[in-house]
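Q: Once you've had a glance at the structure underneath, I'll fire off some questions.
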Amino acid sequence: MTLISSYYDPKAADWIAATPDAHRGAIGGLWEELGALQRDFLLAQGLRSTDRLLDLGCGSLRAGVKLVPVLEPGRYYGLDLLQALLDAGYEREIAPAGLAGRLPRANLLANDDFDARAFGVTFDVVLAQSLFTHLPPPFLARALDRLEPVTAPGARLFATFFIAADGAFEGDVQHQPGGIISHPDRDPFHVTPDMLSRAAAGRSWRFEWVKDWTHPRNQKMALFVRL
């Protein structure tokens, strides 16, 4: 059976738990650079300290360790496929940084279907950095449906993608800077702008582009606004 991505490998959890700093490498490295980039981007987009933020595919909290200090205590939430990444991020990053008092452990859940209803709150902002680059395009529509019950009108989902030009979906695409080669049928995946627009059409979301946010591997940022 072909894995959707390496995150679905049953051996990944053991490797992350047993290997020092594996939790950083497993999510692509660039720990400080990308953590700060996500924080600074959201602040520039008007993130408020009172917002409830869901980090979808939060991994080992690369963004979380930067965002928890700028949000009021208890306002950051994280959802990820791998419990091992959540555990490592909390124990090796959040706790040593003295942030455990601002991030309840219950605010981090492992879930393989984008289902954040168990948190019992409504989110103002959702961040999905380098999540859909590891998933086939149909997963976006599923995520939009799952997020509808936990977001109010006006909530914003910021999500990154590797982009192929309309009409160029079937081939491989090299992205600069970074040199990453994306594919239509395997990880890392790419989409077209038209596919993003069609995923939102007929759902409670409006698709918009965000200006280039200088991602070091040329992932582009899309914005979905809850209707």
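Q: Just to verify a number: FRET efficiency for Glu170 and Arg206, C-beta to C-beta distance, R0 = 22 Å, to 0.05? Write out the running numbers ahead of the final one.
A: On the way: r = 28 Å, r/R0 = 1.26.
E(calc), rounded to 0.05, equals 0.20.
Q: Calculate one ³J(HN,Hα) per residue across the stretch 175-188 by plugging θ = phi - 60° into the Karplus curve 6.51 cos²θ - 1.76 cosθ + 1.60, and present them in order as whole Hz with x for glycine and proline.
A: Ordered by residue, 3J(HN,Hα) equals 10, 10, x, x, x, 5, 9, 9, 9, x, 9, 7, 6, x Hz.
Q: Positive end of the dipole of the stretch 86-227, charges at C-beta (+1 Lys, Arg; -1 Asp, Glu), about the Cα centre: which of Ala200, Leu103, Gln129 has its Cα farthest in that direction?
A: Comparing the listed Cα positions along the dipole, Leu103 ranks first.
Q: Work out which trypsin sites (Lys or Arg not before Pro) in the chain are exposed loop sites (DSSP not H, G, I, E or B, at most 10 other Cβ within 10 Å) and give the longest gap free of them.
A: 12-210
Q: Also, quick follow-up: With charges only on Cβ, +1 for K and R and -1 for D and E, what is the dipole size of the chain about its Cα centre, in debye, rounded to 20? Write down the numbers at each step before the final one.
A: Numbers: 23 positive and 27 negative charges, 127 e Å.
Here the size comes out at about 620 debye.
Q: If you restrict to DSSP beta bridges whose two residues both lie in the chain, what percentage is antiparallel, to the nearest 5?
A: Here the share of antiparallel DSSP bridges comes out near 45 percent.
Q: For the chain, calculate the relative contact order in percent as a whole number, restricting contacts to Cα pairs under 8 Å that are 6 or more residues apart.
A: Result for the chain is 17 percent.
Q: What list of ³J(HN,Hα) values in whole Hz, one per residue of the stretch 74-89 in order, does the Karplus curve 6.51 cos²θ - 1.76 cosθ + 1.60 (θ = phi - 60°) give from phi, with Gly and Pro shown as x?
A: Taking θ as phi minus 60°, the curve returns x, 9, 9, 10, x, 10, 8, 5, 9, 4, 4, 5, 4, 4, 5, x Hz for the stretch 74-89.
Q: Could I ask something else about it? With every protein chain present, what accessible area does Val191 have (1.4 Å probe, heavy atoms only), rounded to the nearest 10 Å²?
A: About 10 Å², ignoring ligands and nucleic acids.
Q: With bins 10 Å wide starting at 0, give me the P(r) of the stretch 92-169 over every alpha carbon pair, in whole percents.
A: Distribution as computed: 15, 40, 32, 11, 3 percent.
Q: Taking 2.2 N^0.38 Å as the expected size of a compact globular protein, what ratio does the Cα radius of gyration of the chain give against it, to two decimals? Mind dumping the intermediate values first?
A: Details: Rg = 16.6 Å, N = 227, 2.2 N^0.38 = 17.3 Å.
Ratio of Cα Rg to 2.2 N^0.38 Å: 0.96.
Q: Solvent-accessible area per residue for the stretch 36-75 at a 1.4 Å probe radius, Å²?
A: Numbers: 1320 Å² over 40 residues.
Ligands and nucleic acids excluded, the figure is 33 Å² per residue.
Q: Sticking with this structure for a sec: Could you estimate the translational diffusion coefficient of the stretch 22-157 from the Stokes-Einstein equation, with Rh from the Kirkwood formula over C-alpha pairs, at 25 °C and 0.890 mPa s, in whole µm²/s? Show your work: numbers first, answer last.
A: Working: Rh = 14.8 Å.
D = 166 µm²/s.
Q: Take every Cα-Cα distance within the stretch 125-223, group them into 10 Å bins from 0 onward, and report for each bin the whole-number percent of pairs it holds.
A: Per 10 Å bin, starting at zero, the Cα-Cα P(r) for the stretch 125-223 comes out as 16, 52, 28, 5 percent.
Q: Build a GNM of the chain with springs between Cα atoms under 10 Å: which of Thr50, Thr151, Thr133 gets the top mean-square fluctuation?
A: Checking each option, the largest mean-square fluctuation is seen for Thr50.
Q: Averaged per residue, what accessible area in Å² does the stretch 141-227 show with a 1.4 Å probe, protein chains only? It would help to have the intermediate numbers written out before the result.
A: On the way: 3990 Å² over 87 residues.
For the stretch 141-227, the solvent-accessible area averages 46 Å² per residue.
Q: Can I ask one more? Using a 1.4 Å probe on the protein heavy atoms, what percent of the accessible area of the chain belongs to carbon and sulfur? Could the numbers behind the result be given before it?
A: Details: 5160 of 9930 Å².
For the chain, the apolar C and S fraction of the accessible surface comes to 52 percent.
Q: Next question. Just the accessible area for His215, please: 1.4 Å probe, Å², rounded to the nearest 10?
A: 10
Q: Explain nothing, just the number: relative contact order of the stretch 43-151, from Cα pairs under 8 Å at least 6 residues apart, as a whole percent.
A: 32
Q: To continue, here is another question. Give me the accessible area per residue for the stretch 80-132, probe 1.4 Å, as a whole number in Å². Kindly include the intermediate steps, with their values, before the conclusion.
A: Working: 2130 Å² over 53 residues.
So the stretch 80-132 comes to 40 Å² accessible per residue, rounded to a whole number.
The values are calculated or read from the model by the stated rules, or taken from the named source; none is laboratory data. Treat the numbers as computed from the prediction; the structure is a model and nothing was measured. No Cβ is skipped: glycine too gets one built from the backbone with ideal geometry, and neighbour counts run over all protein chains shown. When the accessible area is computed, the model is the full protein with side chains, heavy atoms only, and any ligands, DNA or RNA have been set aside. Shrake-Rupley method; radii C 1.70, N 1.55, O 1.52, S 1.80 Å.
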